[in-house]
Amino acid sequence: MTEILTELSPSSLATAVKSNLYAFFSTLRYSAKATVHDTSHGFGWRTGVSHPWFNGMLSTLTSTEYLSLIVEETVSYFQAHDITSFTWWLAPNLEATTWSPHLLAYGFQYDNNTPGLAIELAKLRHPQISPMTIRHVEGPRVLTEWTQTFIQGFEMAAEMAHGFLALLESLGTDFPFRHYLGYLDGKPVASSTLFLGAGVAGIYNVATVPAARGRGIGSEMTLAPLYEARDLGYRVGVLQSSDMGYGVYRRLGFQKVCQMDHFYWRAPNSLSKGRFN
């Protein structure tokens, strides 16, 4: 875990949203189920999860005459390992316009439709009485239950569960990661994850199974890890929001501080899906 962020200016928060996500990707180097390769222009990762956010490249290079060659070599690398889709991210200090011509020329699609949100944890609303029970995920049985709930909540293909579970098991269930499983009437209905990185508390994997939606469960699954992060001394919570979750997060007090720039590549005739957050 890094030093807790205390600079809460808009620009600092915008950088923190992106840096937390990239720190999340960087931790994959500690997993036996992932391969992380460092390069002179950033680092890349690939896993057994067939989703573009679990296979990607983060660029840190501002400019060079060899950008097109770098893109070509990177695409070839993922193709050689049978990766049919991956995402290309840019370090917070980089402008998308620098890389865009080179990436678009190789079939990438540009996406800046994901808002990055932040909240000062001192401004969280007080906990309310709830019929839910939210527990930390500990042990392989509960982690399997969490994974199944997550897959149902995001309505993802069931075949993704095995690879995702194996990846989570390899990373462990204690800090910087902590997973939360929500129960209603004794049944698991919702998931979320806290990731402590880049000095802030990142919220990920907030999902509710279809049958339990519309009851404020997503809000509770977001707040539970934020309360814990606040108790640990963290001052800021961050996340990247889907369209479905945006209104929920805004009502909790999150403020939009940036847009998440990234480029998405998919092999021709591939059926790989896009992001799931």
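The values are calculated or read from the model by the stated rules, or taken from the named source; none is laboratory data. Please read these numbers as outputs of a predicted model, since none were measured by experiment. No Cβ is skipped: glycine too gets one built from the backbone with ideal geometry, and neighbour counts run over all protein chains shown. Protein only, heavy atoms only, side chains kept; ligands, DNA and RNA dropped before computing areas. Shrake-Rupley method; radii C 1.70, N 1.55, O 1.52, S 1.80 Å.
Just a few scattered comments:
- Residues of the range 74-127 classified as touching a Lys or Arg at 6+ places or on another chain (Cβ under 7 Å) and more than 25 Å from Ala23 (Cβ to Cβ), total: 1
- Residue ID - nearest to Gln109 (Cα to Cα), chosen from residues in the range 47-70 that are of a type outside the set (Ser, Thr, Tyr) and open to solvent by 60 Å² or more (accessible area, probe 1.4 Å): Leu69
- Of the strands (runs of 3 or more DSSP E) contained entirely in the range 147-264, those carrying at least 2 residues that are open to solvent by 20 Å² or more (accessible area, probe 1.4 Å) and at pLDDT 95 or above fall at 177-184, 187-197, 200-208.
- Checking each residue in the range 89-119 for being within 27 Å of Gln255 (Cβ to Cβ), surrounded by 15 or more Cβ atoms within 10 Å (Cβ to Cβ) and touching a helix residue (DSSP H, G or I) at 6+ places or on another chain (Cβ under 8 Å) picks out Trp89, Leu90, Ala91, Pro92, Tyr110, Pro115, Gly116, Leu117, Ala118, Ile119.
- Residue in the range 27-36 that is under 30 Å from Arg235 (Cβ atoms), open to solvent by less than 10 Å² (accessible area, probe 1.4 Å) and in contact with a strand residue (DSSP E or B) (Cβ under 7 Å, 6 or more places away or on another chain) present: yes
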